[in-house]
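The values are calculated or read from the model by the stated rules, or taken from the named source; none is laboratory data. Source: prediction; values computed, not measured. Backbone-built Cβ (ideal geometry, glycine too); neighbour counts: all protein chains shown.
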Amino acid sequence: MAAARRNKRVAAGQYGFLPFNSSAEQPASGIGRRKRVNKNKKKNWNKYSDIQDVEEFLDDVRLQERATGGLLADKPDDTLFYVDTGEKPKQTNVPSGDKPRKGKRSKPLKIDLILQNDSPVAVPKDVLAYQQPNAKKLRHISQSAEKLAAKGVVTRKERLLQLRQAAKAAGTSVKAKPVANNNPERPYYDLWGAEGSVTADLFYLEQTKKKLVKRPDKMNDRPSDLPAIEVIAPGGSYNPDFFAHQNLLAAAHEVELKKVKEEEKLERQLARTETATEETTFEEQIQGLLEEGEDQALEVELQNAEGDDQDEGGVVPNAQQEKKTERQRKKERAEKIKEQQKKADRNAIDKRQQLFQLRSIRTDLMRREQRTRLRQSVRRARLVEQRSQPRRLGRLKFKPSDLEVQLSDELPGSLRRLKPEGSVLKDRFKSFQKRNMIEPRERAKFKRRHKLKYVEKRAFREIT
């Protein structure tokens, strides 16, 4: 409390301070006895601290700033006082556009008085209005340009500008730089306008400032050369030609024959049994005639007989060979060197003989090149043929759908009595598989996890 009174006395005792309100005057001399409070505790700081005089002083300062634009003590005397000479002061608050009326005292309109700024406090300065984007960067650029200019170095921008001016003076055309995307003066592009873009890539380059990525040639290749929609043979019409219909029937007959042959081949393979050998027939004949011990002795005798036959035809591997002497090793080494020398001499003779075989060698090379070209043409033809056939894309092979054909007695006389065959959805699905767009698939088989449990209900018992 003592500190608050001291602050008030200091504020009021400043030189030239004039209180604007009567409440900001000096406090009364009668001050009661102050209460003794322990200020060491934080809870008593705001509770027993009197700052009313400081708040009144600050309110008076704010009022003076709002009303007069500053403290009265700082104002000159001419703004606070005037000499009363008995003349009426001139009206300065009349709008410039209105002319005073004749015979009546002209007064400003109420709406003009309301809209006038009656606060003498200046408008706060807008800091953002003085800021410049990338000011630091531009300052560094200008400083570096000044240093280069002082050294006599011409920047790339100025050099290009000089080249353009020289080309314009010479009459040659210079490629114009595309307008930047963030330039407000760039031409407006109407996306939904009647006219399209000037070129295929010009607008794209202007907007993105980059060129189109080169599309790989592999992306333009189709997975298959087959058409998307295959038209059925003329014999599949509702009123076909006789020969065209017979050709279609023959094709369907070939397909059915191929299926029958595959089924017969599978049955033959499954019906084939193992052929009996002499050993198996002998074992079947003596089965049950001999006891277990005799059977084992017979098996041992057969194994020993087989082993003796093998030993007679081969060399015993466990036989130890005699150690060679030094003389034998030298002799083998000399023979080996002699053999190598013979081979080298023979190769040299063959190379010399090839000089007289140039014509035959040339003929062989021509035949080899011809054979290579033939293989390449066969390989290319095979690749072209494979592009029109389905590939193996998954674990299943592609199975073509059955031919939709009607027999001769099933042909309708008119389109009205034609019976629909096949399904458009299945046809499209098979077409995707045939053109290598999706892998061949089969319907998932449902397997019941738990067995069905049959319960006899009460209503069923009553009926039975």
Revision key, fill the gap. Within segment 141-152, residues hydrophobic (A, V, I, L, M, F, W, C) and more than 46 Å from the chain's Cα centre (by Cα) come out as ALA149, ALA150
Review point. So which residues in segment 232-273 are under 20 Å from LEU411 (Cα atoms), of a type in the set (A, V, I, L, M, F, W, C), touching a residue at least 40 places away in the same chain (Cβ under 8 Å) and not in a loop (DSSP other than H, G, I, E, B)?
Key: LEU248, LEU249, ALA251, ALA252
Check your understanding: How many residues does segment 401-460 contain that are under 20 Å from ALA233 (Cβ atoms) and not β-branched (Val, Ile, Thr)?
Key -> 25
Exercise for review: Scan THR281, THR277, THR273 and give me the residue that is within 60 Å of the chain's Cα centre (by Cα), loosely packed, with under 11 Cβ neighbours inside 10 Å and modelled with pLDDT under 85.
Suggested key: THR273
Check your understanding: in the same structural domain as HIS245 (by TED's automatic domain parsing), closer than 28 Å to ASN247 by Cβ and part of a helix (DSSP H, G or I) - does that describe any residue in segment 386-406?
Key -> yes
Point to revise | Residues satisfying the stated conditions in segment 41-80, i.e. of a type in the set (Val, Ile, Thr) and either modelled with pLDDT under 80 or in a helix (DSSP H, G or I) (or both) | key: VAL54, VAL61, THR68, THR79
Practice item. Within segment 418-464, work out how many residues are over 30 Å from PHE398 (Cβ atoms) and not in a helix (DSSP H, G or I). Key: 11
